[in-house]
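Bear in mind these aren't lab numbers, they're just calculated from the coordinates by the rules spelled out. Note that the structure is predicted; figures quoted are calculated from it, not measured. Positions of Cβ are backbone-derived with ideal geometry, glycine not excepted, and every protein chain shown enters the neighbour counts.
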Amino acid sequence: MEIKLRITYDQKADLAYIYLEDIPPGGVNESVRVGDNVLDFDQDGRLLGIEFLDGKDGLPKSLLSKLD
């Protein structure tokens with residue numbers, strides 16, 4: 001199984017998103033908030049991605065500096 005990991009970061013909004021695979025339009029069936037994060041699941045309950053609402057607090061600074 002190949003994981004197509006991709007990370008985006010919006011510095012102005014301080015939002016980061018880790019895509020565990022490509023998400024087609026309408027592919028997220030359920031979003032669950034856990035603290036300052038949101039977990040996105042497909043209709044089969046598979047985790048598609050994780051949104052960090054406070055990117056600077058949720059991810060290492062060394063990673064964020066590479067995404068700016």
Output the number of residues of segment 14-31 satisfying the condition of being within 12 Å of the chain's Cα centre (by Cα) and farther than 19 Å from Lys4 by Cβ.
-> 2
Output for segment 33-56, where each listed residue is of a type in the set (Asp, Glu) and surrounded by 10 or more Cβ atoms within 10 Å (Cβ to Cβ) | Asp36, Asp40, Asp42, Glu51, Asp54
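Residue-by-condition table, conditions (1) free of Cβ contacts under 8 Å to residues at least 60 places away in the same chain; (2) touching an Asp or Glu at 6+ places or on another chain (Cβ under 8 Å); (3) of a type in the set (S, T, N, Q):
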position	(1), (2), (3)
Lys4	yes, yes, no
Asp14	yes, yes, no
Leu20	yes, no, no
Asn29	yes, yes, yes
Gly35	yes, no, no
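In segment 41-52, what residues are within 14 Å of the chain's Cα centre (by Cα) and either among the small types (Gly, Ala, Ser) or under 15 Å from Thr8 (Cα atoms) (or both)?
Filtering segment 41-52 for residues within 14 Å of the chain's Cα centre (by Cα) gives 41-42, 46-52.
Across segment 41-52, the qualifying residues are Leu48, Gly49, Ile50, Glu51, Phe52.
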Look at segment 1-27 and say how many of its residues are surrounded by 15 or more Cβ atoms within 10 Å (Cβ to Cβ) and either touching a helix residue (DSSP H, G or I) at 6+ places or on another chain (Cβ under 8 Å) or in a strand (DSSP E or B) (or both).
-> 8
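Quick check, is Leu67 surrounded by 13 or more Cβ atoms within 10 Å (Cβ to Cβ) and more than 11 Å from the chain's Cα centre (by Cα)?
Criteria met by Leu67.
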Determine the pairs where a residue that is touching a residue at least 24 places away in the same chain (Cβ under 8 Å) and closer than 8 Å to Tyr9 by Cβ, located within segment 53-68, has a partner that is among the small types (Gly, Ala, Ser) and part of a helix (DSSP H, G or I) with Cβ atoms under 7 Å apart, the partner being 6 or more residues away or on another chain.
-> Leu64/Gly55
